[in-house]
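One structure is given here, and the rest of the page talks about it.
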Amino acid sequence: MTNHSTVRAATRGVLYVHSAPSALCPHVEWAVAGVLGVPVNLDWTPQPAQAGTYRAELSWTGAVGSAARVVSALRGWEHLRFEITEEPSSGAEGSRFSATPELGIFHAVTGVHGDILIPEDRLKAAVLKSALGEADVLDEIDRLLGKPWDDELETFRHAGDGAPVRWLHQVV
């Protein structure tokens with residue numbers, strides 16, 4: 001008799017918490033631990049770009065789709081800025097999510113080289129909005145590439161250069 005257990009595809013990624021108030025830090029750890037299924041104790045360091053907030057990084061491995069589940073667990077928390085990436089794996093494209101209190105959540109599909117892949121229908125919609133005079137096509141393409149989120153997070157990214165990174169691996 002053969003035991004056929006379901007094996008979930010594994011991937012890896014990085015969570016960058018760019019700024020979180022101190023009271024929110026343990027809640028971020030609990031939420032991420034709940035998704036990855038392993039204890040999470042991040043090395044929080046002060047975020048120089050915003051007084052009273054902290055930053056942390058976490059490299060992780062887990063099941064495909066873990067990044068989206070982390071975003072769902074963290075969504076809606078005021079004053080939290082973060083990004084999470086998930087590398088492409090066998091049979092699945094990668095993902096990149098960015099979140100800011102002002103802009104909400106940005107999601108993009110990424111290819112094997114880390115490039116953002118924009119679906120054809122979203123490009124057609126951007127061109128149509130431009131043709132109708134509702135938007136500038138270049139602004140729409142910037143939005144599809146996440147530029148407003150990148151612009152807002154850039155200061156927080158550089159303020160964290162040299163911060164420690166912790167690795168976690170989910171049992172798959």
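Structure data summary
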| read-out | value |
| --- | --- |
| Within the range 136-172, considering residues that are among the hydrophobic types (A, V, I, L, M, F, W, C) and closer than 19 Å to Tyr54 by Cβ, the one modelled with the highest pLDDT | Leu153 |
| Cβ-Cβ under 6 Å pairs, at least 6 apart or on other chains, the range 52-79 side polar (S, T, N, Q), far side in a loop (DSSP other than H, G, I, E, B) and buried (at least 21 other Cβ atoms within 10 Å of the Cβ) | Thr53/Gln47 |
| Enumerated strands (runs of 3 or more DSSP E) restricted to the range 1-120, each holding at least 2 residues that are over 27 Å from Glu140 (Cα atoms) | 10-21, 53-63 |
| Residue in the range 132-140 that is surrounded by 11 or more Cβ atoms within 10 Å (Cβ to Cβ) and either among the hydroxyl-bearing types (Ser, Thr, Tyr) or in contact with a Phe, Trp or Tyr (Cβ under 9 Å, 6 or more places away or on another chain) (or both) present | no |
| The range 97-123 residues that are in contact (Cβ under 8 Å) with a residue 24 or more places away in the chain and farther than 19 Å from Leu80 by Cβ, paired with ones that are among the acidic types (Asp, Glu) and outside any strand (DSSP E or B) (beta carbon under 7 Å, 6 or more apart) | Thr110/Glu93; Leu117/Glu93 |
| Given (1) at pLDDT below 95; (2) surrounded by 21 or more Cβ atoms within 10 Å (Cβ to Cβ); (3) among the hydrophobic types (A, V, I, L, M, F, W, C), number of the condition Ala10 does not satisfy | (2) |
| Of the criteria (1) polar (S, T, N, Q); (2) surrounded by fewer than 22 Cβ atoms within 10 Å (Cβ to Cβ); (3) at pLDDT 95 or above, which one Ser95 fails | (2) |
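Let's see how each residue does on (1) touching a Pro at 6+ places or on another chain (Cβ under 9 Å); (2) under 24 Å from Glu154 (Cβ atoms); (3) crowded, with 20+ Cβ neighbours inside 10 Å; (4) among the hydroxyl-bearing types (Ser, Thr, Tyr):
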site: His27; (1), (2), (3), (4): no, no, no, no
site: Gly62; (1), (2), (3), (4): no, no, yes, no
site: Gly76; (1), (2), (3), (4): no, yes, no, no
site: Ile84; (1), (2), (3), (4): no, yes, yes, no
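The values are calculated or read from the model by the stated rules, or taken from the named source; none is laboratory data. Since this is a predicted model, take the numbers as computed values, not measurements. Backbone-built Cβ (ideal geometry, glycine too); neighbour counts: all protein chains shown.
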